[in-house]
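See below for the structure under consideration.
The values are calculated or read from the model by the stated rules, or taken from the named source; none is laboratory data. Not measured: the values here are computed from a predicted model. All Cβ positions, even for glycine, are placed from backbone atoms using ideal geometry, and neighbour counts span all protein chains on display. Just the protein is used for accessible areas: all its heavy atoms, side chains included, with ligands, DNA and RNA removed. Shrake-Rupley method; radii C 1.70, N 1.55, O 1.52, S 1.80 Å.
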Amino acid sequence: MPLSLAERASLIEPSATLAMGAEAKRLKVQGRQILDFALGEPDFNTPANIQEAAIRAMRDGQTHYTPPAGIPELRQAVAKLYTDHHGVATDPAQVVVSNGAKHAIHNALMAVCGPGDEVIIPSPYWVSYADLVKLTGAKPVVVQAPESAGFKMTPDQFLGVVTPRTRLLMINSPSNPTGVVYERSELAALAEAVLKTDVGVLSDEIYEQLTYRDAKPTCFASLDPALPARTITISGVSKTYAMTGWRIGWSVAPTAVSKFIGDLQSQETSNPCSISQWAALEAITGPQETVVEMKAQFARRREYVLERIERLPGVTCTPPGGAFYAFMNVSSHFGKTLGGKKIIDSTSFCMAALSEANVALVMGSAFGAEGYARMSFATNLETLEKGFDALERFVAS
């Protein structure tokens, strides 16, 4: 008999963002000129000083196994970042460096969740959250945070779904896919609600340095002295420093949790890439001018995207305060025929946009929010202009 898959194989689906990106690349290979706005990946090259640090590390012989939780220098630098910048006293023992923030989230969920547990996830949410929760045997409890509420979950909503089985609340600000940034006062109210319960928090802060205008990021663990003992903070270098391929993220957690995560990682992957760790150390301790420059370009793109969305018939968008996504409400086109394709939901809208307009977006249903399409504006203005020209023709067809 052929090998059969374990039961857990039915718990997960391929990442929708990566799947749309792969389909766009497949069409490009066929000779189609695809305007790809599916992947959340900066189009900038990794800054030169970070590349040079990696080259130095190789020349200095830093090409061997490292401690499973990361090189001491990087763990110390991350701990100092949270202590000095966020005001959360952090010991290096609380830091575990992983193979990207996604791996850090997986490790964190494996550390504290198991069969019978529940994890509260505000929707819209990043595509991997629910599946990563399911892999632990826990149940994702999705709470709709509608656009009318700014895509933000309220303390009352949180308290309304807490049960004796609730283990974690997952929060993401700035948000993927909406770009929403919770105000500090809003997170403080959520923190107050959390502290009325026994629930912990997993705070995904990977976009923390990418905010616009008056929006300011908040480290959730900094909101109350009692929170660091209840919070696992996730971040990394992928988005801020254009280092997606280097695969370095981290978790900051109570020491006992971090020790388990390090032990788990020792069995799973041994350690993150040694060269990437030295590059990440340069990223967070070296000059930050390139971050300012990249953020300024993202801000210009954001303004252009919002201007063009206003000109798209039947499409609206809550302006993103952070990250580099526009979460467009396309539901007014449901029931119509666009480009010869019947549009019944966000999937059919995005598939028709890809096949008929050569524009790759990601369906809102993948983020737990039917009626929307996510566009990444982590690409140059020329490509954005061509994309919106094509979308204008598509929605008018």
Matching entry among Ile55, Ile12, Ile50 (being open to solvent by 40 Å² or more (accessible area, probe 1.4 Å), closer than 28 Å to Ser274 by Cβ and of a type in the set (A, V, I, L, M))
Ile55
Tally time: how many residues in the stretch 311-329 are over 30 Å from Val291 (Cβ atoms) and within 22 Å of the chain's Cα centre (by Cα)?
1
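Table: residues versus (1) open to solvent by 10 Å² or more (accessible area, probe 1.4 Å); (2) assigned to a loop (DSSP other than H, G, I, E, B); (3) without any contact (Cβ under 8 Å) to a residue 24 or more places away in the chain; (4) out of contact with any helix residue (DSSP H, G or I) (no Cβ under 9 Å at 6 or more places or on another chain).
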| site | (1), (2), (3), (4) |
| --- | --- |
| Gly335 | yes, yes, yes, yes |
| Ala352 | no, no, no, no |
| Glu370 | yes, yes, no, no |
| Ala373 | no, no, no, no |
| Glu382 | yes, no, yes, yes |
| Glu392 | yes, no, no, no |
With the checklist (1) in a helix (DSSP H, G or I); (2) closer than 24 Å to Thr240 by Cα; (3) among the hydroxyl-bearing types (Ser, Thr, Tyr) in hand, flag the one item Ser365 doesn't pass.
(2)
Which of the helices (runs of 4 or more DSSP H) contained wholly in the stretch 220-323 include at least 3 residues that are open to solvent by less than 60 Å² (accessible area, probe 1.4 Å) and β-branched (Val, Ile, Thr)?
289-310
In the stretch 176-219, what count of residues is obtained for those that are open to solvent by less than 40 Å² (accessible area, probe 1.4 Å), among the acidic types (Asp, Glu) and in a helix (DSSP H, G or I)?
0
Among the residues of the stretch 163-182, write down those that are touching a helix residue (DSSP H, G or I) at 6+ places or on another chain (Cβ under 9 Å) and either over 20 Å from Thr316 (Cα atoms) or without any contact (Cβ under 8 Å) to a residue 24 or more places away in the chain (or both).
Arg167, Leu168, Leu169, Met170, Ile171, Asn172, Ser173, Tyr182
Failed condition for Leu159, given (1) under 18 Å from the mean Cα position of the chain (by Cα); (2) part of a helix (DSSP H, G or I); (3) not small (Gly, Ala, Ser), with all others met?
(1)
From Thr46, Thr66, grab the single residue that is in a loop (DSSP other than H, G, I, E, B), at pLDDT 95 or above and more than 30 Å from Gln297 (Cβ to Cβ).
Thr66
Just one of the numbered conditions (1) under 19 Å from the mean Cα position of the chain (by Cα); (2) part of a loop (DSSP other than H, G, I, E, B) is not true of Val88; which one?
(1)
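Looking at Gly137, Gly150, which is the one that is within 22 Å of Ser251 (Cβ to Cβ), of a type outside the set (Val, Ile, Thr) and surrounded by fewer than 23 Cβ atoms within 10 Å (Cβ to Cβ)?
On the way: Gly150 fails: within 22 Å of Ser251 (Cβ to Cβ).
None of the others qualify; the one that does is Gly137.
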